[in-house]
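Peer 1: Before we start, here is the structure in question, set down as structure tokens.
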Amino acid sequence: MQLSTKHLLGIKYITQADISLILSTAKQFKEVLQRPIKKVPSLRDVTIVNLFYENSTRTRISFELAEKRLSADTINFTMSGSSAAKGETLLDTVNNILSMKVDMVVMRHSASGAPHFLAKHIPAAIINAGDGINEHPTQALLDAFSIIEKLGTLEGKKIVLVGDIMHSRVALSNIYLLKKMGAEVMVAGPPTLIPKYIKEAMDVRVEYNLKKALEWCDVANVLRIQLERQNQVLFSSLREYNLAYGVSRKLLDSLNKEIIIMHPGPINRGVEIDSDVADGNQSIILQQVENGVAVRMAALYLLSGKS
């Protein structure tokens, strides 16, 4: 079995069969991660560069750990300590790295479409670790993996994405994936943070009342407010946002059922989610982090051509 594509640029460009293959491979790697010796030689002699032009903690550490568990050789590149800070172009940077015989590039960039641009110009396999407000495919895959672990399937399940939908690449990748795998999808949040086109263009439900959204869903994936991407004021204050759209213990207790709570991180505690919810028994946030390593191992392995 192999993927239908050479790169992982976005969920938009992969098939249902690709998604199923990545998730089933991730399941096997998760079993490897439970062993006393967590390392496998699957990517020995494969060189991977982690090209991060944007800040990242969880995603970068998760990819680095996945690469080490697969025995790959890794090079870490960050914008601040590189020639890119002196004005070197993206293509020059990558060509310099490729002349060192790199096989794969894991890339995060603030410009939407940057990984797609690279894929057209260089021979290495590219994994998009987040591009602007476009996509974050491995996050959607690990979210799906985590939901399937809890509920057994995505087919027919009701998933709501809550919060800053307009600026969230996690939201876009999740919508693509959940729709492809047969789930029902809703977005919920303030009208100023939900794109006007989304209902028709992506065939999702839209709800501006948080309690109604939570009463509808099986799983709530709570997204953070991306203040760094907002170039205008879209709500009055963080306090006001928390009162209207913050997921609190009191709100969850008022529902007539128990739902699963997720968050891609980093969490703004006391804004989009309260601490007792993030750390509570309905939350699978730490499982998402753990599953991220297995899912990224699967993506790296399948794209390396070694499978």
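Computed from the coordinates by the stated procedures, all read-outs in this text should not be read as laboratory data. Bear in mind the structure is a predicted one, so any value in this text is a computation, not a measurement. FYI the Cβ positions are ideal-geometry reconstructions off the backbone, even for glycines, and counts take in every protein chain you see.
Peer 1: In whole angstrom, how long is each semi-axis of the equivalent ellipsoid of region 23-158, when you take the square root of 5 times every eigenvalue of its Cα gyration tensor and sort them from largest down? Show your work: numbers first, answer last.
Peer 2: On the way: eigenvalues 160, 76, 31 Å².
They are 28, 19, 12 Å, listed largest first.
Peer 1: Share of antiparallel DSSP beta bridges in region 19-164, in percent to the nearest 5? Don't jump to the answer; show the numbers that get you there.
Peer 2: Values: 1 of 17 bridges.
Beta bridges within region 19-164, antiparallel portion: roughly 5 percent.
Peer 1: Can I ask one more? Could you sort 291-297, 156-162, 56-62 so that the peptide with the highest average Cβ count within 10 Å comes first and the rest follow in order?
Peer 2: Numbers: 291-297: 27.0, 156-162: 22.6, 56-62: 17.0.
My ranking of the peptides, most packed first, is 291-297, 156-162, 56-62.
Peer 1: Something else now. If you take every residue apart from M202 with its C-beta less than 11 Å away from the C-beta of M202, what net charge results, scoring Lys and Arg +1 and Asp and Glu -1?
Peer 2: Working: positive: K12, K179, K199, R205; negative: E200, D203.
Summing Lys/Arg as +1 and Asp/Glu as -1 gives +2.
Peer 1: To continue, here is another question. Would you tally the net charge around I75, using a Cβ to Cβ cut-off of less than 14 Å, leaving I75 out, and scoring K and R as +1, D and E as -1? Show your work: numbers first, answer last.
Peer 2: On the way: positive: R60, K68, K101; negative: E64, E67, D73, D103.
My count for the surroundings of I75 gives -1.
Peer 1: In debye, nearest 20, what is the charge dipole magnitude of region 49-132 about its Cα centre with +1 on Lys and Arg Cβ and -1 on Asp and Glu Cβ, if you could check?
Peer 2: Working: 8 positive and 8 negative charges, 28 e Å.
With Lys and Arg at +1 and Asp and Glu at -1, about 140 debye.
Peer 1: With 10 angstrom as the radius, rank E200, E184, E215 by how many other C-beta atoms surround their C-beta, starting from the fewest. Could you put the intermediate results ahead of the total?
Peer 2: Working: E200 8, E184 18, E215 15.
Exposure proxy ranking, most exposed first: E200, E215, E184.
Peer 1: Got a sec? Charge dipole of the chain, +1 on Cβ for Lys and Arg, -1 for Asp and Glu; which of G87, L286, A26 is way out at the positive end?
Peer 2: The one lying farthest along the dipole's positive direction is A26.
Peer 1: Please report, in debye to the nearest 20, how large the charge dipole of the chain is about its Cα centre when each Lys and Arg carries +1 at its beta carbon and each Asp and Glu carries -1 there.
Peer 2: Numbers: 36 positive and 31 negative charges, 76 e Å.
Rounded to the nearest 20 debye, it is 360 debye.
Peer 1: Continuing with the same structure: May I ask you to derive the relative contact order of the chain, considering only C-alpha pairs under 8 Å and at least 6 residues apart, and to give it as an integer percent?
Peer 2: Working: 562 pairs, mean separation 65.6, N = 307.
This gives 21 percent for the chain.
Peer 1: Same structure, new question: Just want the ordering: R239, R205, from fewest to most Cβ atoms lying within 10 Å of their own Cβ. Mind showing how you got there, number by number?
Peer 2: On the way: R239 11, R205 16.
With the sparsest Cβ surroundings first, the list reads R239, R205.
Peer 1: For region 236-301, what is Rg from Cα atoms divided by 2.2 N^0.38 Å, rounded to two decimals?
Peer 2: Details: Rg = 14.4 Å, N = 66, 2.2 N^0.38 = 10.8 Å.
Rg over 2.2 N^0.38 Å, computed on Cα atoms: 1.33.
Peer 1: Turning to a different aspect of this structure: Given H placed 1.01 Å from N in the peptide plane, which residues other than close sequence neighbours of I133 have an amide H under 5 Å from its amide H?
Peer 2: Counting only residues 5 or more places away or on other chains, the set is S112.
Peer 1: I would also like to ask the following. With springs connecting C-alpha atoms under 10 Å apart, model the chain as a Gaussian network and identify which of S24, S254, S112 has the largest mean-square fluctuation.
Peer 2: S254
Peer 1: Multiply the residue separation of Q34 and K101 by 0.36 nm, subtract the distance between their alpha-carbon atoms, and state the gained length in nm to one decimal.
Peer 2: Numbers: separation 67, 0.36 × 67 = 24.12 nm, distance 3.27 nm.
Extra length from Q34 to K101 when fully extended: 20.9 nm.
Peer 1: Placing +1 at every Lys and Arg Cβ and -1 at every Asp and Glu Cβ, with all other atoms neutral, what dipole size does region 23-178 have around its Cα centre, in debye to the nearest 20? Please report the intermediate quantities before stating the final value.
Peer 2: Working: 18 positive and 15 negative charges, 106 e Å.
For region 23-178, the charge dipole is close to 500 debye.
Peer 1: So, one more: Using the basic label-point model (7 angstrom from Cα toward the beta carbon), what is the T89 to D253 distance in nanometres?
Peer 2: About 6.0 nm separates the two model spin labels.
Peer 1: Order by neighbour count: T78, T192, fewest other Cβ atoms within 10 Å first, most last.
Peer 2: Numbers: T78 17, T192 12.
Final ranking by Cβ density, sparse to dense: T192, T78.
Peer 1: For helix 285-303, what angle does its Cα long axis make with the longest principal axis of the chain, in degrees from 0 to 90 and rounded to 10?
Peer 2: Long axis of 285-303 versus the principal axis of the chain: about 30 degrees.
Peer 1: Which of P123, G10, L98 sits farthest toward the positive end of the charge dipole of region 10-130, with +1 on the Cβ of Lys and Arg and -1 on the Cβ of Asp and Glu?
Peer 2: G10
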